[in-house]
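Visitor: I have a structure here, written as structure tokens, and I will follow up with some questions on it.
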């Protein structure tokens with residue numbers, strides 16, 4: 001008698017940039033013990049399609065969540081972990097079947113774990129203030145980590161000005177001299193729009209800066225290229241994705257509630 005088939009997936013739109021399916025399918029193909037697992041992309045144009053996807057795929061035990069649903073998914077969940085309660089964004093959901101027709105959804109944020117583990121090796125003593133480009137779900141996970149590490153930060157928005165948020169137009173040399181970490185949490189520069197880059201004063205960047213782009217495709221975005229040309233240390237988002245994916249895998253395959 002064969003092992004029970006188990007399915008994982010990714011909810012988002014569009015999904016042409018997806019890391020997760022390639023990563024997990026490779027993981028499953030390299031381990032005979034995981035031959036009963038599969039991973040599918042679910043490019044849904046509206047989050048309300050979620051219940052139909054779960055109904056149509058009874059083997060689904062969990063799924064990852066990406067743009068633009070990391071915050072919208074909260075309305076569908078039965079419970080969340082403590083990080084989600086603070087971050088208000090979810091990238092991992094475990095499906096717990098109560099019987100053939102009913103289920104509960106438990107939400108987690110593994111982005112925060114992935115970001116923390118991937119940036120720690122690059123932090124130096126003078127990296128005590130950060131600029132977070134963007135205000136979406138991913139930026140909230142980054143902010144959570146900086147709070148944990150006691151690194152002060154400002155969010156940079158295209159138009160919004162409020163507490164702890166300034167606009168790109170507000171960036172000047174004085175601010176840049178003070179904040180020596182810059183993290184891009186926006187999709188600007190992501191494939192296929194590889195010639196785009198955040199509108200920041202790159203000439204103010206120097207060798208003391210650490211510039212981190214959550215984008216991993218291409219390997220080196222225009223943001224990272226321009227920062228590196230000014231002498232900055234640079235990091236892309238690939239290792240963060242690996243860390244968050246492995247943390248999600250733990251959640252999918254263990255009883256966490």
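Visitor: Wholly within the stretch 110-175, which strands (runs of 3 or more DSSP E) include no fewer than the required count, namely at least 2 residues that are in contact with a strand residue (DSSP E or B) (Cβ under 8 Å, 6 or more places away or on another chain), under 20 Å from residue 71 (Cα atoms) and modelled with pLDDT of 95 or more? Give the steps one after another, and end with the answer.
Guide: Values: elements: 129-133, 152-157, 165-167.
Because the criterion is at least 2 residues that are in contact with a strand residue (DSSP E or B) (Cβ under 8 Å, 6 or more places away or on another chain), under 20 Å from residue 71 (Cα atoms) and modelled with pLDDT of 95 or more, the strands (runs of 3 or more DSSP E) in the stretch 110-175 that meet it are 129-133, 152-157.
Visitor: While we're looking at this one, here's another question. Being in a loop (DSSP other than H, G, I, E, B) and surrounded by fewer than 15 Cβ atoms within 10 Å (Cβ to Cβ) is the filter; apply it to the stretch 231-257 and report the residue that is farthest from the chain's Cα centre (by Cα).
Guide: Only one residue fits best here, namely 231.
Visitor: Kindly provide the set of residues from the stretch 35-45 that are closer than 29 Å to residue 72 by Cα and either out of contact with any helix residue (DSSP H, G or I) (no Cβ under 8 Å at 6 or more places or on another chain) or part of a strand (DSSP E or B) (or both), ordered by number.
Guide: Passing the criteria: 37, 38, 39, 40, 41, 42, 43, 45.
Visitor: Can you confirm whether residue 66 is crowded, with 18+ Cβ neighbours inside 10 Å, modelled with pLDDT under 95 and touching a helix residue (DSSP H, G or I) at 6+ places or on another chain (Cβ under 9 Å)?
Guide: Yes; evaluated as a whole, the condition is true for this residue.
Visitor: Can you tell me how many residues within the stretch 14-34 are modelled with pLDDT under 95, in contact with a helix residue (DSSP H, G or I) (Cβ under 9 Å, 6 or more places away or on another chain) and farther than 17 Å from residue 244 by Cα?
Guide: 1
Quick grid of which residues meet (1) within 18 Å of residue 180 (Cα to Cα); (2) assigned by TED's automatic domain parsing to the domain that holds residue 125; (3) touching a strand residue (DSSP E or B) at 6+ places or on another chain (Cβ under 6 Å):
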position	(1), (2), (3)
195	no, yes, no
199	yes, yes, no
205	yes, yes, no
209	yes, yes, no
216	no, yes, no
223	yes, yes, yes
227	yes, yes, yes
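Visitor: Any chance you could count how many residues in the stretch 54-79 are farther than 28 Å from residue 185 by Cα, in a helix (DSSP H, G or I) and in contact with a strand residue (DSSP E or B) (Cβ under 8 Å, 6 or more places away or on another chain)?
Guide: 1
Visitor: Count, please, the residues in the stretch 11-22 that happen to be out of contact with any strand residue (DSSP E or B) (no Cβ under 8 Å at 6 or more places or on another chain) and buried (at least 17 other Cβ atoms within 10 Å of the Cβ).
Guide: Looking only at that region, the number is 1.
Visitor: So residue 172 passes all but one of these: (1) without any contact (Cβ under 8 Å) to a residue 40 or more places away in the chain; (2) more than 30 Å from residue 18 (Cβ to Cβ); (3) buried (at least 17 other Cβ atoms within 10 Å of the Cβ). Which condition number does it fail?
Guide: If we test residue 172 against (1) without any contact (Cβ under 8 Å) to a residue 40 or more places away in the chain; (2) more than 30 Å from residue 18 (Cβ to Cβ); (3) buried (at least 17 other Cβ atoms within 10 Å of the Cβ), just (3) comes out false.
The values are calculated or read from the model by the stated rules, or taken from the named source; none is laboratory data. Since we're looking at a predicted model, the values are computed, not measured. Cβ coordinates were reconstructed from backbone atoms using ideal geometry, including for glycine residues, and neighbour counts include every protein chain displayed.
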